[in-house]
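Okay, so here's the structure we're looking at.
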Amino acid sequence: MAKSSWTADSIRGEGGFSLLETLVATSILTVALAALAQLFAISTQANSKARATSYATVLAQQKMEQLRSMTYGFDNLGLPISDTSTDITVVPEKVTGGKGLSPSPPGSLNANTGGYCDFVDKSGNTLSAGNLGTAPPADPVYIRRWSIEPLPTNPNDTLVLQVLVTRSRNRGSADAATDVKRLPDEARIISVKTRKAT
């Protein structure tokens with residue numbers, strides 16, 4: 001009969017984990033899991049901010065395209081023509097009753113200015129403030145503000161267009177500054193529009 005390779009002496013020689021080894025392993029695992037949980041929280045927050053910034057950028061691009069599509073050129077006789085009456089603060093835009101590409105007053109990016117701002121809900125729908133209003137309607141998530149300024153070196157034929165999309169909140173000193181500041185989850189786009197023959 002063959003002897004078993006397992007004997008009481010060989011089993012006694014193989015010891016299990018001591019209590020100290022178990023505590024050390026558990027401590028290392030706990031620290032690793034805590035660091036992983038913190039990394040997960042930071043990642044979630046970064047993704048949320050990136051999503052808000054991306055959404056704000058899309059809203060700013062939409063408004064910039066709307067501004068760039070407005071008439072600003074020369075007629076058949078070579079005389080300058082400009083759209084100065086379209087209301088783009090409402091959807092669908094109205095051909096009268098608005099500011100069009102009229103130069104905006106100073107500070108139109110710093111504060112809600114009639115004819116140069118609109119409000120957007122969480123689904124991306126433009127909310128009407130009514131009659132070039134500046135007070136936000138119920139539950140806006142974003143505020144779009146834009147400015148239209150003649151280029152100082154060519155004021156008759158070139159406009160500087162700026163669009164700022166902010167969250168609907170108190171922006172503190174970012175709005176109080178002479179040169180409006182863009183906060184991390186906001187978007188600001190600048191473009192130039194030059195008269196072209198139609």
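Whenever a residue of segment 101-116 is more than 9 Å from Thr134 (Cα to Cα), its partners that are part of a loop (DSSP other than H, G, I, E, B) and of a type in the set (A, V, I, L, M), lying with C-beta atoms within less than 8 angstrom and at least six residues away or across chains, give the pairs Leu101/Met70; Leu109/Val180; Asn110/Ala177; Asn110/Val180.
This table checks each residue for (1) modelled with pLDDT of 90 or more; (2) of a type outside the set (Asp, Glu); (3) closer than 26 Å to Thr158 by Cα; (4) part of a loop (DSSP other than H, G, I, E, B).
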residue: Lys63; (1), (2), (3), (4): yes, yes, yes, no
residue: Val90; (1), (2), (3), (4): no, yes, yes, yes
residue: Pro105; (1), (2), (3), (4): yes, yes, yes, yes
residue: Ser108; (1), (2), (3), (4): yes, yes, yes, yes
residue: Lys122; (1), (2), (3), (4): no, yes, no, yes
residue: Gly130; (1), (2), (3), (4): no, yes, no, yes
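Would you say Leu29 is loosely packed, with under 10 Cβ neighbours inside 10 Å and farther than 24 Å from Thr158 by Cα? It is false that Leu29 is loosely packed, with under 10 Cβ neighbours inside 10 Å and farther than 24 Å from Thr158 by Cα.
Quick one: which residue in Leu77, Leu164, Leu101, Leu159 is farther than 27 Å from Arg51 by Cβ and assigned to a strand (DSSP E or B)? Matching residue, one of Leu77, Leu164, Leu101, Leu159: Leu159. Residues in segment 150-167 that are of a type in the set (Val, Ile, Thr), farther than 16 Å from Met70 by Cα and under 26 Å from the mean Cα position of the chain (by Cα): 2 in all.
Of the residues Asp118, Asp139, the single one that is of a type outside the set (Lys, Arg), more than 18 Å from Leu159 (Cα to Cα), under 22 Å from the mean Cα position of the chain (by Cα) and loosely packed, with under 12 Cβ neighbours inside 10 Å is Asp139. Filtering segment 65-82 to residues that are charged (D, E, K, R) and in contact with a strand residue (DSSP E or B) (Cβ under 7 Å, 6 or more places away or on another chain) leaves Arg68, Asp75.
Look at segment 161-175: where a residue is farther than 13 Å from Ala111 by Cβ and a partner is of a type in the set (Phe, Trp, Tyr) and outside any loop (DSSP other than H, G, I, E, B), sitting 6+ places away or on another chain with Cβ atoms under 9 Å, you get Leu161/Trp146; Gln162/Trp146; Val163/Trp146; Val165/Tyr55; Val165/Tyr142; Arg167/Tyr142; Ser168/Phe119; Ser168/Tyr142.
Would you call Asp87 touching a residue at least 12 places away in the same chain (Cβ under 8 Å) and touching a Gly at 6+ places or on another chain (Cβ under 6 Å)?
Yes.
Residues satisfying the criterion are absent from segment 145-164 (criterion: surrounded by fewer than 15 Cβ atoms within 10 Å (Cβ to Cβ) and farther than 18 Å from Ser191 by Cα).
The values are calculated or read from the model by the stated rules, or taken from the named source; none is laboratory data. As the structure is a computational prediction, the values presented were derived from the model and not from experiment. Every residue, glycine as well, gets a Cβ built from its backbone with ideal geometry; the counts of neighbours run over all protein chains shown.
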